[in-house]
Amino acid sequence: GEDVEQSLFLSVREGDSSVINCTYTDSSSTYLYWYKQEPGAGLQLLTYIFSNMDMKQDQRLTVLLNKKDKHLSLRIADTQTGDSAIYFCAEGSDSNYQLIWGAGTKLIIKP
Amino acid sequence: NAGVTQTPKFQVLKTGQSMTLQCAQDMNHNSMYWYRQDPGMGLRLIYYSASEGTTDKGEVPNGYNVSRLNKREFSLRLESAAPSQTSVYFCASSDRVNEKLFFGSGTQLSVL
C-alpha cells in the first residue's frame, strides 16, 4: 500500500531554521499537507500544497515539493520555542479514499 | 469559534464495557472522520462519513461502530472495549472528503 515516511525527531537551536522532511510513494497525490500537534492537543492544519506546485511560502513557513523524487519538506525560519511540536505530513489523492499519514516528526528546540 | 468539539476528554474503561465518543462540528462541513493515534504510528482512520447519511470503514474499523446523527454530529461507539483500544481518539471534519481536515482536541481512552 501507499506510505509516507518521516524522521521521528529533529533538534534545532532557537533562531535557526528547521527543515522537516517527508517522502511518499503515491504518484497520484493531489494535495500534500503539514499538520502541527502541540502537547495534549489535536492536529492543526499548518499549510498545504497542490501537487502541481513546487513551492509555497507563508510567513515563516516554506513548503518545497519535488514530485519527481516524491519528497516534501517544511522549512520553519527563525525557529522559536513555540514551534516545539510534532509535525505530521499527509498526502491525499483521488485514487485513495483516505489521507495517508506519516508517523510525525517531533521538533525539539534547544536554547 | 468552537470548530470540532469532542467529549469526553478522558475516559477509563474496564475490558468489556461499552461507551460512545461524541463529536460535533459547527463549520457546516460535509465530511467527518474518526481517527486513533498510537505512539510512533501516526493516525489511523477508523471510520469516516463522506456526507450526511453515509458511513464507510477506514483502515482499522474492527471493534467500532459509528453513527452520523445529522450533518453536525458523528459518534463512535465501542461495544465491548478491549485493552488494544487504549489510544487517543480524534474526530475531524472537512468540507470535501480528505481535503483540509479540522481536528478536535482528542479523547484519551484507557481500557484496563
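Relative to 2.2 N^0.38 Å, what does the C-alpha radius of gyration of the protein assembly as shown come to as a ratio? Two decimals please.
Compactness ratio reported: 1.02.
Between segment B:1-73 and segment A:17-84, the C-alpha centres lie 25 angstrom from each other.
Rg/Rh for chain A: what does it come to with C-alpha atoms and Rh from Kirkwood? Let's see the in-between values first.
Numbers: Rg = 13.5 Å, Rh = 14.0 Å.
Across chain A, the Cα-based Rg/Rh ratio is 0.96.
Comparing B:SER80, B:SER94, B:SER31 in a Gaussian network model of chain B where C-alpha atoms under 10 Å apart are linked, the largest mean-square fluctuation is found at B:SER80.
The relative contact order of segment B:67-112, computed from alpha carbon pairs under 8 Å that lie at least 6 residues apart in sequence, is 37 percent. Using a probe of 1.4 Å on the protein chains alone, the accessible area found for A:MET55 is around 100 Å². Rolling a 1.4 Å probe across all protein chains gives A:THR23 an accessible area of roughly 60 Å². Only Cα sites of chain B enter the Debye sum here, all with the same form factor; the resulting log10 I(q)/I(0) across q = 0.11, 0.18, 0.20, 0.24 1/Å is -0.30, -0.82, -1.01, -1.42, listed in q order.
Taking a threshold of 19 Å on the Cα-Cα distance, which of the pairs A:LYS56/B:LYS100; A:LYS68/B:LYS100; B:LYS9/B:LYS57; A:LYS68/A:LYS106 fall above it?
As for pairs spanning more than 19 Å Cα to Cα, those are A:LYS68/B:LYS100; B:LYS9/B:LYS57; A:LYS68/A:LYS106.
Sequence-distant contacts, meaning Cα pairs under 8 Å at least 6 residues apart, place the relative contact order of chain A at 38 percent.
Contact order normalised by length for chain B, with contacts defined as Cα pairs under 8 Å and 6 or more residues apart; what percent is it?
Values: 293 pairs, mean separation 40.4, N = 112.
Relative contact order of chain B: 36 percent.
The label-point distance for A:ASP94 and B:ARG77, in a model that sets each label 7 Å from Cα toward Cβ, rounds to 3.7 nm. In this structure A:HIS71 has an accessible area near 60 Å², from a 1.4 Å probe over the protein heavy atoms.
The values are calculated or read from the model by the stated rules, or taken from the named source; none is laboratory data. Being a predicted model, the structure only gives us computed values, none of them experimental. Methodologically, a virtual Cβ is constructed for each residue, glycine included, from the backbone with ideal geometry; neighbour enumeration extends over all protein chains shown. Accessible surface areas use protein heavy atoms only, side chains included; no ligands, DNA or RNA. Shrake-Rupley method; radii C 1.70, N 1.55, O 1.52, S 1.80 Å.
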